[in-house]
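Any read-out appearing in this document is the output of simple, stated calculations on the displayed coordinates, not a laboratory observation. The structure displayed is predicted, hence computed values, not measured ones. Every residue, glycine among them, receives a Cβ derived from its backbone with ideal geometry; neighbour counts consider all protein chains shown.
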């Protein structure tokens, strides 16, 4: 990677590549696979990091490697409930790491010359997870799995653990695009849960 080029970190979830039934389940366009791949290729550079929050692919297993190799970036898989193969299988097919979740410090107040004044600890997972009490940094959980489904149709065991520090990544909401991790919360690409109202906060984004 060139020293002058900054490496970006992206998140994406629930791509469900070639899953025909999800068109009806989540009101996706028929060409959602092509659209998602096209956005990924345009937005992500070869040296960028991409955290995929699970439920990657529903096509033929023989085509999985080709699919992931065609998408740029250094890819890390946070396994979802539909990612049934063992870790080694994914490591030989385009991912450099396979994890149950990831914990990352993200700069949330960065000056123009690069100095960071504040950080947030971000837990990335497929399903919502309980957030441990950790000193030193605010901690949030960005997760997928729920798609654009109404909360009453989601797993009640997961819904009941949601707090104001839980944020949903919904590919349907991001217009089938990956999202910069550093901008996901600020720009409203992930949806914050409102603990008092018991529902998602709606934030307009471009």
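Observations on the model:
- Entry for percent of Cα pairs over 21 Å apart (calculated from the structure that is shown) out of (1) 47; (2) 53; (3) 78: (2)
- Stretch gain in nm, segment residue 157-residue 199, where the contour uses 0.36 nm per residue and the Cα spacing is subtracted: 13.6 nm
- Cα-based shape type of region 124-184, given that a ≥ b ≥ c are square roots of the gyration tensor eigenvalues and the cut on a/c is 1.5: oblate
- Going by neighbour counts of Cβ atoms within 10 Å, the residues 79, 85, 21 line up, fewest first, as 21, 85, 79.
- Subtracting the Cα-Cα distance of residue 39 and residue 101 from their residue separation scaled by 0.36 nm leaves 19.9 nm.
- Cα centroid of region 54-122 to Cα centroid of region 1-42, whole Å: 12 Å
- Paramagnetic reach from residue 183 (point 7 Å along Cα→Cβ, amide N under 16 Å) across region 141-174: 174
- Residue order, fewest to most surrounding Cβ atoms within 10 angstrom, among 64, 169: 64, 169
- Counted over the chain, the DSSP beta bridges are approximately 40% antiparallel.
- Residue order, fewest to most surrounding Cβ atoms within 10 angstrom, among 78, 161: 161, 78
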